[in-house]
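Values quoted throughout were computed directly from the atomic coordinates according to the rules given, and no laboratory measurement underlies them. None of these values were measured; they are calculated from a predicted model. Don't worry about glycine lacking a Cβ; one is built from the backbone with ideal geometry, like all the others, and counts go over all protein chains shown.
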Amino acid sequence: MKTPSLKTAAAIIFAAASASAAAEADVSYINATEMTDVPRHHKDLETMEFNFTQHLKQLSEQLPAGQVLKVAFLDIDLAGDVFPRVPVRDIRVTKGQADWPRMHLRYSIEQDGKAIRSGEAKLSDPNYQMGVNTYQQDLYGYEKQMLDKWFRKEILPPKR
């Protein structure tokens, strides 16, 4: 077996240190099955949670190294209305009327185990079908776009 060179070993150590110092996200869902409008089928609910968790993890990569974004979803009302298709699976239809996405969440940004900022946010986007949506083909595109706006406005540090 060949021993790694000093340069290779240093690069591995640096990469590991960088990864541990990078910003991250910790996302939870409080009583998800009791929320206003989430998928009824457990696999669809898991998919929704996975999508939002991954999205917030991607957004948190924009935070300064060492910071942790903690988000607890308290309520979710997805865009559109659900119409039963079969007993277990539903189809979601968006009309652009009184069916806009809403989210209620609690958040904090921590550094070195201490909260540097925290709060609660009630997000909603009554004009969710207006303008350009960068997640046009995404199942939760309207909600992700709403989370993006909130993140840019409330979470990202101001640019100097």
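Rounded to whole Å, give me the distance from the Cα center of segment 103-160 to that of segment 30-65.
13
Ranked by Cβ crowding within 10 angstrom, fewest neighbours first, how are Val68, Val82 ordered?
So the ranking, lowest neighbour count to highest, is Val82, Val68.
³J(HN,Hα) across segment 24-33 via Karplus (A = 6.51, B = -1.76, C = 1.60, θ = phi - 60°), whole Hz, x for Gly/Pro?
So the Karplus estimates, Gly and Pro as x, are 8, 10, 10, 10, 9, 10, 8, 6, 4, 5 Hz.
Order by neighbour count: Met103, Met130, fewest other Cβ atoms within 10 Å first, most last.
Fewest-to-most Cβ neighbours within 10 Å comes out as Met130, Met103.
How much net charge surrounds Ile116 when only other residues with a Cβ under 12 Å from its Cβ are counted (Lys, Arg +1; Asp, Glu -1)?
+1
Cut-off is 10 Å between beta-carbons; in what order do Ile116, Ile109 appear when sorted fewest neighbours first?
In increasing order of surrounding Cβ atoms, one gets Ile116, Ile109.
Would you pull out the residues with amide H under 5 Å of Gln67's amide H, same chain only if 5 or more places away, H placed 1.01 Å from N?
Under 5 Å from the amide H of Gln67 lie the amide H atoms of Ala23, Glu24, each far enough along the sequence or on another chain.
Leaving out same-chain residues fewer than 8 places away, which lysines sit with a Cα under 29 Å from that of Lys95?
By straight Cα distance, Lys95 reaches Lys43, Lys122, Lys144, Lys149, Lys153.
Just to check, using Stokes-Einstein with a Kirkwood Rh over alpha carbon pairs, what's the diffusion coefficient of segment 23-155 at 4 °C and 1.567 mPa s in µm²/s?
84
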